[in-house]
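Let me begin by presenting the structure, written as structure tokens, before commenting on it.
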Amino acid sequence: MAKRRGRRKKSGERQMLATVFNEIFSPSYLEKKYPDERGPYTAARAEQYNERIRERCARMREDLCGYDTFLRLKEEFERYRVFRFCLRRNLKHRRRRPNGINRIINEVSLDELTGLLAEAEIARYNQYFREHPTLTRPPVRRLLKKQEDRKRLRDGTLLDLYSTMYVSDNIKLTIEQELLENPKELYPAARLMKRRFIIHSGMTNTGKTYNAIEALKAAQTGAYLGPLRLLAFEIQENLLMSDVMCSLKTGEEEDIVRYETHMSSTVEMVDLYALYDVAVIDECQMIGDRFRGSAWTRAILGVRAPIVHLCTAPDAVDILVKIIEDCGDEYEIINYKRRTPIIYDKSLDTGVITRWEREDGSYRKPTCAERLEKIDISKLQYGDALIAFSRADVLEIAGMLRERGIDSSVIYGALPYHSRKKQLERFIRRETKIIVATDAIGMGLNLPIRRVIFTVAHKFDGERYRLLYPSEIKQIAGRAGRIGIFDEGFVYSTEYPEYIKSAVTSEYVPIEKAFINFDASFVEIDYKLEGILRAWMAAELPFDIYDKIDLNRTIMLLRNIDKLCESKGLTCNKETAYLLANIVFDEGVHKVFLKWLDYVEDYLGGARSLKKPRISHGSLERLEESFKKVDLYYAFCTSVGFEPDLDWIAEKKKMLSEEINNRLRKRT
């Protein structure tokens, strides 16, 4: 009887894990991970997949505990699943199906594949505990209790989950003891100074950043620290036009001006060793962001300037004051009020009623066509800004408007600075009368916008579609109205109009915590690096005003470094792995991520320089992808101490920016 129960238990774990695989490797997730698997949809390509999968499955059955074989089968499963999903979707719209396609796509059972993957995972998990008989084997269900833990299997294994969930209490204790030190003490040079902070508090478009920049221009030396490289570019250009010698430094590039007195940079690139007369830290409400907020905390605690201007939305004032008082520095608060009212405008409403919920009540993202049905296109006029929340939606909406005879400028986060500048110039010169943009428009852009139109009131936050927060609505809607051009600002939304209307006029909810980053000195602890990071995230902080940032991106990249080392026979110490996992690049673009892996392999293999990335021309997507590869080349070189070819970088970026702008002119 005991044996039967054991077999049932193992079979139950296998079935549960197979179910988890089906859950976490959803077609929507895999379609984003493997955008190149969307075509062509031919019987021959499906047959090739079947042959490779049958071969991988045979090898996996021969050696269930083989890690490299498991990784290859797992990737093949992911690619095949998204290919089959896209194929079925494509076939729905075709009158004639390729001969034998139904037989071919049903030859490989996805259930059998997930079952084999689950069986291999559990076999390696069991083998580990047979090799370490003093350890207690936790049930698989305990490892997979939380959804966030199940999602970690996308890039990890059961053993990875075990090693991070059952970290030694001694390591937790060591980290918590180190965290007893107040974060301000990490910046002794700043603690020796008597600094004075001027907090500029107000909504978007109130002039707070303008006044801070004017103070920066008047200083003999100074630094601007902003949230986006596009803003850093804009401020550098502003200062240079005012005859202030200002250089630029971001995680992706630099432009060092001869005889510089000022520096414009992203907040992550702040130089805490330099001494300035004046520093300006922009968009300080970002201090409450769990992914990037620690960069603002670090800059505020450590920047070496007797005068520091903090530009912020009102919701961050309280937390900023607490940090400044804790440092023993002085401060004053300047409150700014909008001189142009924001009015909800119903005139664009077409009266079309559309349900954007599924039968179970969950949110269904509307198509761009459905959104435009709820906007009276004939009433669009110069100064209107249509807001979407993805690059794809921005381009699709702009394309649909063009089909109706309305040219538009487009703005989204991935757009290179020079291309973005060209788009804005077209709008300002009235070559286009509409802007279609993502929420990137909410930060730093001073544009003649009369009316902000939310095409949706939901955005995808990386895990789910959620309703916009009131602070996000205020930030974006605040772009409407411009003194001297539009004395009133207007806002409209295709959904939840009452919510949008109330959010614009609602009181700000104070930010309660400022985020701090992982201290690299913890890497020296004698334990697996991922376990140290997990323990740090789980540790308790003894300070009311601070919280810890999310390190899941770093952990995901570390896992990929581990996989690479295991499959290629490379070695990488913890310090180097942590350095490589913190290089700035867009890991969400699959080919850029693969180029990062190539660079990691070259660097760990002993390369003394990096090969320049191949530049792809053609579609807008290829051009933007190439631009990001050039960014990665610079970021990787500077991170590991290699000398990048700055002339080549400047030449390629200029060329790509021009080509991107030409493509946008044709599409919008």
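The values are calculated or read from the model by the stated rules, or taken from the named source; none is laboratory data. Treat the numbers as computed from the prediction; the structure is a model and nothing was measured. Note: ideal-geometry Cβ built from the backbone for every residue, glycine included; neighbour counts use all protein chains shown. Note: areas computed on protein heavy atoms with side chains; ligands, DNA, RNA excluded. Shrake-Rupley method; radii C 1.70, N 1.55, O 1.52, S 1.80 Å.
Under a Cβ-Cβ cut-off of 10 Å, what is the net charge of the residues other than residue 536 that fall near it, where Lys and Arg count +1 and Asp and Glu count -1?
0
Answer rounded, prolate or oblate for segment 534-621, using the Cα gyration tensor with square roots of eigenvalues a ≥ b ≥ c: rounded when a/c is under 1.5, else prolate when a/b is larger than b/c, else oblate.
Oblate, because a/c is 1.5 or more while a/b does not exceed b/c.
Order 190-199, 629-638, 252-261 from most to least packed using the mean count of other Cβ atoms within 10 Å.
So the peptides 190-199, 629-638, 252-261, ranked by packing, come out 629-638, 190-199, 252-261.
Considering only protein heavy atoms, with the full assembly of protein chains and a 1.4 angstrom probe, order 200, 132 by accessible area, largest first. Display every interim value, and only then the final one.
Details: 200 5, 132 70 Å².
Sorted by accessible area, descending: 132, 200.
Could you tell me, in Å, what Rg and Dmax come out for the Cα atoms of segment 106-196?
Every Cα atom of segment 106-196 included, Rg and Dmax give 21.6, 73 Å.
Just the accessible area per residue of the chain, please: how many Å² with a 1.4 Å probe?
That works out to 47 Å² per residue.
For segment 135-284, build the convex hull from the C-alpha positions and give me its volume per residue in Å³.
Given the Cα convex hull of segment 135-284, per-residue volume reads 196 Å³.
For the chain, calculate the relative contact order in percent as a whole number, restricting contacts to Cα pairs under 8 Å that are 6 or more residues apart. Don't skip to the answer; put the middle values down first.
Details: 1014 pairs, mean separation 83.5, N = 668.
This gives 13 percent for the chain.
For the chain, I need the span (max minus min coordinate) of the C-alpha atoms along each principal axis, in Å, sorted largest to smallest.
So the three principal-axis extents are 81, 66, 49 Å.
Placing one identical point scatterer on every Cα of segment 302-407 and ignoring solvent, what is log10 I(q)/I(0) from the Debye formula at q = 0.21 Å⁻¹?
Values, matching the q order: -1.17.
Hey, which lysines would be in cross-link range of residue 145, C-alpha to C-alpha under 19 Å, not counting anything within fewer than 8 residues on its own chain?
In chain and number order, the partners are 9, 10.
Straight-line reach only, C-alpha to C-alpha below 18 angstrom: list the aspartates and glutamates that residue 666 could link to, leaving out same-chain residues fewer than 8 apart.
393, 396, 403, 407, 425, 431, 621, 624, 658
Go through segment 624-630 residue by residue and turn each phi into a ³J(HN,Hα) via Karplus (6.51, -1.76, 1.60, θ = phi - 60°); whole Hz please, and just put x for glycine and proline.
Coupling constants for segment 624-630: 5, 4, 5, 4, 5, 5, 5 Hz.
Under 21 Å Cα-Cα from residue 513, which lysines qualify once same-chain neighbours fewer than 8 residues away are excluded?
Answer for residue 513, where 21 Å is the Cα cut-off: 184, 322, 474, 548, listed by chain and number.
To check you understand DSSP bridge types, tell me what percent of the beta bridges within the chain (both residues inside) are antiparallel, rounded to 5. Spell out each step's value before the answer.
Working: 8 of 59 bridges.
Of the beta bridges lying entirely in the chain, close to 15 percent run antiparallel.
How large, in percent, is the carbon and sulfur part of the accessible surface of the chain at a probe radius of 1.4 Å?
Percent of accessible area from carbon and sulfur atoms in the chain: 48.
Would you work out the relative contact order for segment 229-372, in percent, from Cα pairs under 8 angstrom that are 6 or more residues apart?
14
Return the subset of 74/365; 591/612; 33/422; 595/653; 629/652 for which the Cα-Cα distance in this structure is over 21 Å, preserving the input order.
Over 21 Å Cα-Cα: 74/365; 33/422.
Within 14 Å, Cβ to Cβ, of residue 509, how many net charges do the neighbouring residues add up to if Lys/Arg are +1 and Asp/Glu are -1?
Value of the local net charge: -3.
Give a residue-ordered list of calculated ³J(HN,Hα) values for segment 384-394 (Karplus: 6.51 cos²θ - 1.76 cosθ + 1.60, θ = phi - 60°; whole Hz; x for Gly, Pro).
So the J values, rounded to whole Hz, are 7, 10, 8, 9, 10, 10, 8, 4, 4, 5, 4.
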